[in-house]
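Reading through the structure tokens given below for one structure.
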Amino acid sequence: MADNRHTKVLIIGSGPAGYTAGVYASRAMLAPILVQGMEPGGQLTTTTEVENWPGEKEIQGPDLMVQMQDHAAAMGCEIVGDLITSLDLSQRPFTAKGDSGTTYTADAVILATGARAKWLGLDSEEAFKGFGVSACATCDGFFYRGHEIVVIGGGNTAVEEALFLTNFASKVTLVHRRDTLRAEKILQERLFKHPKIETLWHHELAEVIGTDAPKGVTGVRLRNVQTGDISELACTGVFVAIGHAPASELVKDQLELHNGGYVKVEPGSTRTTVPGVFAAGDLTDHVYRQAVTSAGMGCMAALDAERFLAEQE
Ligand code: FAD
Ligand code: NAP
């Protein structure tokens, strides 16, 4: 049966930004509802060790996110397993429709929908997704015990994925289109000295090669970006780790976006172009994109929402 729920503050997203907003909005006695979406806990649930969350020298990403969820719930945040499929910001109260059939109305909305993995857009990549092509080493690495794997990208994600995959693979080749990495120096150091990892500079993925029956990857065709030469490399797994794009589909026609889809907020705040709608975390941040900065923005969004609601009364 269709259900209608009203809340002062609706938080959309359950990453560090969403859960932190949940803690603060609950402590402000706003009785927030937080909708988790398809990935409860957000991006950190797809990684292993997190070494830069203050107060924890090392913690598993999924464990950290369970702790954040428990913390928000303990403060009084109602956490709902639902996915928002549409959002109407044209009048207050704002209206969000859930995949469950529930309609949520809210006096203020905190958007914390984060970011999703980017793909290269090759037909062969699409054809072998789930059959040798992946964007999540934590999820799929286990299937490649003793196999040779290729990782595409040169940022923190690519280097971490390459290092993690050495737990299973016999060899990992990191393929990057330039000859310098964006990844943090400490990660680069670990990468370069790892005996199972080889780095191939100035190359990009031209095609994933494989078989139909059984469906699976047998190798990749790589293009040298300097000479245009094509070469082949045998492997059974291809991990695409070329970054993430903001999840702004729900609001793309209702809020001002910039820098390729990130929600624009007033500098130094989380206020979007619609009063009463706040944005936090990777959805609005094309620069830092860290758990701790997302959590910080979640705090700011709850405080901004609290002030907005007080002004309305
Ligand atoms: P996200 O974590 O992206 O969460 C977004 C949430 O929104 C999800 O819960 C999703 O289900 C929800 N959502 C999306 N659409 C909807 C919808 N329509 N309805 C309802 N809910 C929705 N950062 C670090 O600081 N340290 C690290 O070690 C680190 N390691 C990383 C490793 C990997 C592999 C990756 C991919 C990222 C890593 N990061 C790390 C970056 C960090 O994960 C992000 O900066 C952070 O998770 C962003 O938090 P967020 O709350 O903005 O969004
Ligand atoms: P990123 O920093 O944006 O790096 C993306 C990489 O993919 C770049 O090296 C880029 O190459 C390459 N790339 C992009 N498009 C490509 C294409 N079409 N073909 C080939 N290569 C392509 O993304 P990220 O590594 O996912 O990191 C995202 C954010 O999360 C960052 O802020 C990062 O610090 C954070 N993060 C942090 C940690 C950590 O703290 N341990 C771990 C993971 C992620 P160029 O370099 O040539 O542009």
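The values are calculated or read from the model by the stated rules, or taken from the named source; none is laboratory data. As the structure is a computational prediction, the values presented were derived from the model and not from experiment. Positions of Cβ are backbone-derived with ideal geometry, glycine not excepted, and every protein chain shown enters the neighbour counts.
A compact table of results
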{"item": "Residue check, residue 116 of a type in the set (D, E, K, R) and either more than 16 Å from ligand 2 (Cβ to nearest atom) or closer than 30 Å to residue 312 by Cα (or both)", "result": "no"}
{"item": "Unique residue being among the hydrophobic types (A, V, I, L, M, F, W, C), within 18 Å of residue 148 (Cα to Cα) and within 16 Å of ligand 1 (Cβ to nearest atom) when the list is 220, 240", "result": "240"}
{"item": "Any pair with Cβ under 7 angstrom, 6 or more apart, that starts in region 281-305 at a residue that is among the polar types (S, T, N, Q) and ends at one that is near ligand 1 (Cβ under 6 Å from one of its atoms)", "result": "294/15; 294/16; 294/17; 294/281; 294/282"}
{"item": "Answer residue from region 77-92, given it is in contact with a Leu (Cβ under 9 Å, 6 or more places away or on another chain) and not in a strand (DSSP E or B) and is surrounded by the fewest Cβ atoms within 10 Å (Cβ to Cβ) among those", "result": "89"}
{"item": "Which numbered condition residue 181 misses (of (1) more than 9 Å from ligand 2 (Cβ to nearest atom); (2) at pLDDT 95 or above)", "result": "(1)"}
{"item": "Filter result (part of a loop (DSSP other than H, G, I, E, B) and within 16 Å of ligand 2 (Cβ to nearest atom)) within region 14-63", "result": "15, 39, 41, 47, 48, 51, 52, 54, 55, 57, 58"}
{"item": "Extreme residue, farthest from residue 235 (Cα to Cα), among residues of region 187-217 that are surrounded by 18 or more Cβ atoms within 10 Å (Cβ to Cβ) and within 16 Å of ligand 1 (Cβ to nearest atom)", "result": "187"}
{"item": "Check on residue 68, more than 16 Å from ligand 2 (Cβ to nearest atom), at pLDDT 95 or above and farther than 30 Å from residue 185 by Cβ", "result": "no"}
{"item": "Residue check, residue 283 of a type outside the set (Gly, Ala, Ser), within 12 Å of ligand 1 (Cβ to nearest atom) and modelled with pLDDT of 95 or more", "result": "yes"}
{"item": "Condition broken by residue 121, with the remaining ones in (1) surrounded by 19 or more Cβ atoms within 10 Å (Cβ to Cβ); (2) of a type in the set (Gly, Ala, Ser); (3) under 16 Å from residue 243 (Cα atoms); (4) out of contact with any Lys or Arg (no Cβ under 9 Å at 6 or more places or on another chain) satisfied", "result": "(1)"}
{"item": "Among residues of region 142-174, those that are under 18 Å from the mean Cα position of the chain (by Cα) and either assigned to a loop (DSSP other than H, G, I, E, B) or more than 15 Å from residue 194 (Cα to Cα) (or both), counted", "result": "6"}
{"item": "Answer residue from region 48-67, given it is near ligand 1 (Cβ under 9 Å from one of its atoms) and more than 14 Å from residue 294 (Cβ to Cβ) and is surrounded by the most Cβ atoms within 10 Å (Cβ to Cβ) among those", "result": "48"}
{"item": "Residue 199 being within 16 Å of ligand 2 (Cβ to nearest atom), assigned by TED's automatic domain parsing to the domain that holds residue 154 and among the hydroxyl-bearing types (Ser, Thr, Tyr)", "result": "yes"}
{"item": "Neighbours by Cβ (under 7 Å, 6+ apart or cross-chain): first from region 45-66, of a type in the set (Phe, Trp, Tyr); second outside any helix (DSSP H, G or I)", "result": "53/59"}
{"item": "Output for region 282-300, where each listed residue is of a type outside the set (Asp, Glu), in a helix (DSSP H, G or I) and over 18 Å from residue 67 (Cα atoms)", "result": "283, 297, 300"}
{"item": "Tally of residues being among the charged types (D, E, K, R) and either over 30 Å from residue 111 (Cα atoms) or buried (at least 18 other Cβ atoms within 10 Å of the Cβ) (or both) across region 220-256", "result": "4"}
{"item": "Counted residues, region 85-130 - those being out of contact with any Asp or Glu (no Cβ under 7 Å at 6 or more places or on another chain) and not charged (D, E, K, R)", "result": "22"}
{"item": "Some residue of region 163-186 being hydroxyl-bearing (Ser, Thr, Tyr) and within 16 Å of ligand 1 (Cβ to nearest atom)", "result": "yes"}
{"item": "Restricting region 270-295 to residues that are charged (D, E, K, R) and within 16 Å of ligand 2 (Cβ to nearest atom), the residue that is nearest to the chain's Cα centre (by Cα)", "result": "282"}
